[in-house]
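A quick write-up on the structure given underneath.
The values are calculated or read from the model by the stated rules, or taken from the named source; none is laboratory data. No experiment lies behind these values; they were computed from the predicted model shown. All Cβ positions, even for glycine, are placed from backbone atoms using ideal geometry, and neighbour counts span all protein chains on display.
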Amino acid sequence: MTSRRNLIIASAAGAAGIAGGVAWWRGQERITSETPPPFKPDTAFPNRLRVPGADGLYGVHDVAGAFTLAAKSVQQEIVPGKPAALLAYEVESQGRRLFNPLIRLRSSGKISAKFWNGIEETSIIHWHGLMVDSNNDGHPHYAVAGGATYEYSFAVPNRAATYWYHPHPHHLTGKQVYLGLGGLFIVEDDEELALQKALDLKLSTTDIPLVLHDRRIDARGQLVFAPTDMERADGFLGSQVLVNWTPRPYFEASTRLYRFRILNASNARLYKLAFRGGEQLLEFQLIGNDGGLIDRPQKIKEVFLSPAERIDVLLDLRNARVGDVITLASLPFDPMENEDGPEAKDGKPVEGAKMAPQGPHAMHGGNARNEKSAVPADAKDKEKNDIPEIGVAMELMRIHVRRKETYDRTVPATLSRIVPIAANCASPRVIALDHVKMVWRINGQTYQQEKTPITVKRGATEVWNIKNAEASMPHPFHIHGFQFQVLERLGSPEQQKKLALGNTGDKGLAASDLGWKDTVLVWPGETVCIAINFTHPFNGDQVYMVHCHNLEHEDQGMMLNMKVEA
């Protein structure tokens, strides 16, 4: 099978030079003027980052009563000057029209929302990461036809964190998410508000959500979603990464601390995120992930982020100079797309062989190739090679330091208290991920709506070993309705082992594995051991889902029902 796994990854050395960057924190004259010179964005990143505001795309909706979310087709510029047909959730509030609104409320607050399906195919909303009963979870069983409605009513017991919502109809999730449906859902509590006060953080100004989508956009500025059979098996990749639906964005910053809440909302693309200043990787602090704040900040320089995962990070720019440029980048890595196992030689497998992709050196740097790249043989090959492969070096966003600011806040040494689940990795339930002829499976099965092959007891604590086959791909594994704790990684590839924290002993955990999770990345040949407590306050049996959050894998059936028996 011809696939990107047979190609060669772009070199790490090529990623080191960030166009438009400057030498980081050198002894240049400090600019103290409060009024910076006129700003001229560089041609590689000419578009101001879209951030949540009072209306429009990602408008902030503070919940204060019942509201309606209408899925519909709207016109929205992605490429400046070229309105595109986009699917979006619309909320009308006090004369404002919000599209894919950032929904915000306090922990223990209540949601009373009507979903109106204004598109021409079935849909339903899944509240990703929220602990709700199965009637409100957005199971495909409850998907409604075009023109129909569905009523949601639930309390939000979750701790403060960045969650999100998106469609979940069977076979159509990838398409509907790709074409635009999906938004952020921020929960706040006293602990979160105390952190905002301590660090002087304000949403959209110094607390910046970043939603990563990779998308294909044609010459007219329209989204293109037309996966081939190969792309349905591997996952559909875009030709460029949009940040908050902004192509090639820049953000203007001051010499202070910034918070970035980052969601990977791509269908299939995995990122290895880092901040670069010139040729240096900058240290930043990871303070939270899927389920909110971790117990204390973790200083890191890079982190993997798979589809549906979230990270909450702090970037300290106090030692920067006005005029410095920082790039949010994805570093090169081995995507480990080993669907057929090690490459064969003379009919025999090559021990330890790995497939690695090739593609453009950077998402926003034209079609530069590694010097070992082959010239496309024909137009079809050229079109394929114009889609950057997973694992190549990419520039996602530029941060321009524009203003000098006095900032004397200190990051708290303790952020939260995470109570460990009392469990170890002995006697686990095994969740096996594999494929047969490119049909991806969980425990040897694919999705059947009427069957519940995973059954657990309400109130039980279980340990699961999520085991990915050697001949496989990386899978972001998601569990509905409950959060879990990662206990251990076994058989991890070297690139994952290098991110393991010393203070987790020999458990192999990275900073992004700490605290509470709802989605976890599992590499080929790796086993991730997690602990889940199935206590909940709802009456009767509850039926949720477990699945791969590569949306093409999910749509092709890599998911199972999970019944929590009363």
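Against the test of being within 25 Å of residue 417 (Cα to Cα) and either polar (S, T, N, Q) or modelled with pLDDT under 95 (or both), the options 519, 527, 452 yield a single qualifying residue, 519. Looking only at the range 202-218, count how many residues are farther than 13 Å from residue 313 by Cβ and not in a loop (DSSP other than H, G, I, E, B). Residues in the range 202-218 being farther than 13 Å from residue 313 by Cβ and not in a loop (DSSP other than H, G, I, E, B): 7 in total.
Within the range 508-528, is there a residue that is of a type in the set (Ser, Thr, Tyr) and in a loop (DSSP other than H, G, I, E, B)? First the steps, then the outcome.
Taking the range 508-528 as the starting set, the residues that turn out to be of a type in the set (Ser, Thr, Tyr) are 512, 519, 527.
Applying the additional criterion that residues be in a loop (DSSP other than H, G, I, E, B) yields none.
No; the residues of the range 508-528 include none that is of a type in the set (Ser, Thr, Tyr) and in a loop (DSSP other than H, G, I, E, B).
Among residues of the range 221-235 that are more than 21 Å from residue 475 (Cα to Cα), those with a beta-carbon under 7 Å from a residue that is β-branched (Val, Ile, Thr) at least six positions away or on a different chain give the pairs 221/78; 221/79; 223/217; 224/217.
Is there any pair with a first residue in the range 326-343 that is assigned to a loop (DSSP other than H, G, I, E, B) and a second that is at pLDDT 95 or above and of a type in the set (Val, Ile, Thr) whose Cβ atoms are under 8 Å apart and which are 6 or more apart or on different chains, and what are they? What qualifies is 332/392; 335/390; 337/390. Pairing residues of the range 139-152 that are at positive phi with residues that are in a strand (DSSP E or B), at Cβ distances under 7 Å and at least 6 apart in sequence or on separate chains, gives 147/117. Can you tell me which residues in the range 392-411 are part of a loop (DSSP other than H, G, I, E, B) and of a type in the set (A, V, I, L, M)? Within the range 392-411, 392, 393, 411 qualify.
Test residue 224 against the stated conditions and say whether it is under 18 Å from residue 47 (Cβ atoms) and not assigned by TED's automatic domain parsing to the domain that holds residue 165. Quick ask: steps written out before the conclusion?
On the way: under 18 Å from residue 47 (Cβ atoms): no; not assigned by TED's automatic domain parsing to the domain that holds residue 165: yes.
No; evaluated as a whole, the condition is false for this residue.
If we keep just the residues of the range 529-563 that are assigned to a helix (DSSP H, G or I) and of a type outside the set (Asp, Glu), which is nearest to residue 154 (Cα to Cα)?
Within the range 529-563, the subset assigned to a helix (DSSP H, G or I) is 551-555.
Those still in the list that are of a type outside the set (Asp, Glu) too: 551, 553.
On the way: 551: 26, 553: 29 Å.
Among those residues, the one meeting the criterion is 551.
Put simply, of 234, 290, 207 the only residue that is crowded, with 22+ Cβ neighbours inside 10 Å and in contact with a strand residue (DSSP E or B) (Cβ under 6 Å, 6 or more places away or on another chain) is 290.
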